[in-house]
Amino acid sequence: MTMALATRALPLACLMLLLLQRDPGAGAQTTLGFELQQPQDKVSVKAGGTLTLICTTSNRSLPGPVKWLKGWGSENQTIFDQTGSFPRVTRAVDGSDTVHTIHIRDVQPEDAGTYYCVKFRKSLSAAEEVLQRGKGTQVSVLAKPTHPLVSGPGHRVGPGESVPFTCTAGRFFPEDISVKWFKNRTSISAQPPQITSGRTKSSYNMSSTVMMTLREEDIRSQLICEVQHRTLTAPLRGTYQLSQALRVSPSVNVDADPPSPIGVSKTVKFTCHVKGFYPGNVVVTWLENGTEMNMENTFRLVEMPQGLFQLNSVVEVKAMEEKNGSTFTCRVVHDAQDPVDRMATLRITAPAREGGSEWALTVNGLNLLSSPGLWIGILLEKGLLGGLLVFLFKRARE
Ligand SMILES: *[C@@H]1O[C@H](CO)[C@@H](O)[C@H](O)[C@H]1NC(C)=O
Ligand SMILES: *[C@@H]1O[C@H](CO)[C@@H](O)[C@H](O)[C@H]1NC(C)=O
């Protein structure tokens, strides 16, 4: 059956019309001398850009509107008709009977699909019937991937642990995409990305995962996910600071200055050395015989060149005799982890008791017998006593 025949033979045209209504799939059509041309087979447009869909009809004006539909059958959606409001759509030639070309601006991946230019005719019943439709224009929307996002493990892990990092980017079209991983400038091998699509396959999402074993030195390292797609002039990069995923626990030790045992009433300084940790959130408390000491605890957090932190916390204790054998514990809670305790014991030397002499006094930890001042004092005292005795003796003689 040729189209030309239909124009000449009206009964045949009616048959054609019936056929078209059932299976409206043919190309340029002529019905009752009416011709509709939808010349574009395939169009691709960049997301955000403007899509132009071309449709022309013959001069002969028949009652009934021309509309643009997306999809056919139950899935169809009216993109444009003369009566409705379609904010993104404008007609190329306003009010024209023959040019039904439209522009759709700010095209999004969801706009991908097949568009039909359709001439309806007014029937006796209220419902509109399809008189003719164009052969359809397949629209694909070239969409740039969204900026790649790199996510790490949900919690911090220690050096030596292997954890996954995932890079995702979405809403791109077409499907082909390449993903590369780098740690700083070094390339890391990864499995090919997983590509998933929405129901309509108008755009795709990708997810790429690498396993990495973290090291202490990685605090200053960066993980980079590089995405290349035909819509991009330069690759997109997502970054992740490995410090976000890393926890390095401190080493803790306590020393005493001067070292025990020490003399009574001397002052001893206990220093808690907390070294090589990350991140910097740490709580240091001191306990005396297991009970938290009520003291002001100030320390200065020092950042080392590699990014690890360290600090010293100092507590001063006066070596009273009753504190002999007391324990001083430095308790370190790093990044809400289990506490680490390091303990030191205060030992106080027994006072020297030389031959049971009353002279063996210790004051402020100094043995007075070793003090020259005391000897001078004793000599002075003896001298005064002698002088007094001489004075009294002389008075008695008078
Ligand atoms: C479009 O969809 C509606 C509702 O699903 C349906 O009634 C109508 O027949 C469809 N039109 C075409 C041309 O497929
Ligand atoms: C402190 O205790 C140690 C042993 O526990 C003991 O040898 C020392 O004499 C004690 N010192 C004092 C001042 O009591």
Fill in the blank from the handout: For the stretch 321-338 the number of residues that are within 11 Å of ligand 2 (Cβ to nearest atom), in contact (Cβ under 8 Å) with a residue 40 or more places away in the chain and open to solvent by less than 70 Å² (accessible area, probe 1.4 Å) is 0
Exercise for the section: Among what's in the stretch 339-350 and is open to solvent by 30 Å² or more (accessible area, probe 1.4 Å) and under 18 Å from Val254 (Cβ atoms), pick the residue that is nearest to ligand 1 (Cβ to nearest atom). Expected result: Pro339
Completion exercise
Of the residues in the stretch 115-138, those that are buried (at least 17 other Cβ atoms within 10 Å of the Cβ) and either outside the structural domain of Phe86 (by TED's automatic domain parsing) or polar (S, T, N, Q) (or both) number 2
Practice task
Out of the residues in the stretch 293-313 that are at pLDDT 95 or above and either assigned to a strand (DSSP E or B) or open to solvent by 80 Å² or more (accessible area, probe 1.4 Å) (or both), state the one that is farthest from ligand 2 (Cβ to nearest atom).
Solution key: Glu303
Handout entry: Test set (1) outside the structural domain of Val314 (by TED's automatic domain parsing); (2) of a type in the set (D, E, K, R); (3) at pLDDT below 95 - Glu226 fails condition number
Key = (3)
Handout entry: Given (1) modelled with pLDDT under 75; (2) outside any helix (DSSP H, G or I), index of the condition Lys394 fails
Key = (2)
Problem - Only one of Ser197, Ser207 that is under 25 Å from Asp111 (Cβ atoms) and within 21 Å of the chain's Cα centre (by Cα) - result: Ser207
Exercise for the section: Inspect the stretch 236-246 for any residue being more than 16 Å from the chain's Cα centre (by Cα), hydrophobic (A, V, I, L, M, F, W, C) and assigned to a loop (DSSP other than H, G, I, E, B) and give the result as yes or no. Expected result: no
Exercise for the section: Go through the stretch 36-88 and tell me which strands (runs of 3 or more DSSP E), entirely inside it, have 3 or more residues that are away from ligand 2 (no atom under 16 Å from the Cβ), touching a Phe, Trp or Tyr at 6+ places or on another chain (Cβ under 6 Å) and open to solvent by less than 40 Å² (accessible area, probe 1.4 Å). Expected result: 66-70
Problem - Lone qualifier among Ala112, Ala92 - being small (Gly, Ala, Ser), touching a residue at least 60 places away in the same chain (Cβ under 8 Å) and open to solvent by less than 70 Å² (accessible area, probe 1.4 Å) - result: Ala112
Exercise for the section: For the stretch 255-268, indicate whether the set of residues that are away from ligand 2 (no atom under 16 Å from the Cβ) and within 18 Å of Val333 (Cβ to Cβ) is non-empty. Expected result: no
Exercise for the section: Determine if the stretch 199-215 includes at least one residue that is under 16 Å from Tyr278 (Cβ atoms) and surrounded by 16 or more Cβ atoms within 10 Å (Cβ to Cβ). Expected result: yes
Completion exercise
Scanning the stretch 150-165 for residues that are exposed (fewer than 14 other Cβ atoms within 10 Å of the Cβ) and under 13 Å from the mean Cα position of the chain (by Cα) gives Gly154, His155
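The values are calculated or read from the model by the stated rules, or taken from the named source; none is laboratory data. These figures come from a predicted structure and were not determined experimentally. Using ideal geometry, Cβ is built from the backbone for each residue, glycine included, and neighbour counts are taken over all protein chains shown. SASA here: full protein model, heavy atoms, side chains in, ligands and nucleic acids out. Shrake-Rupley method; radii C 1.70, N 1.55, O 1.52, S 1.80 Å.
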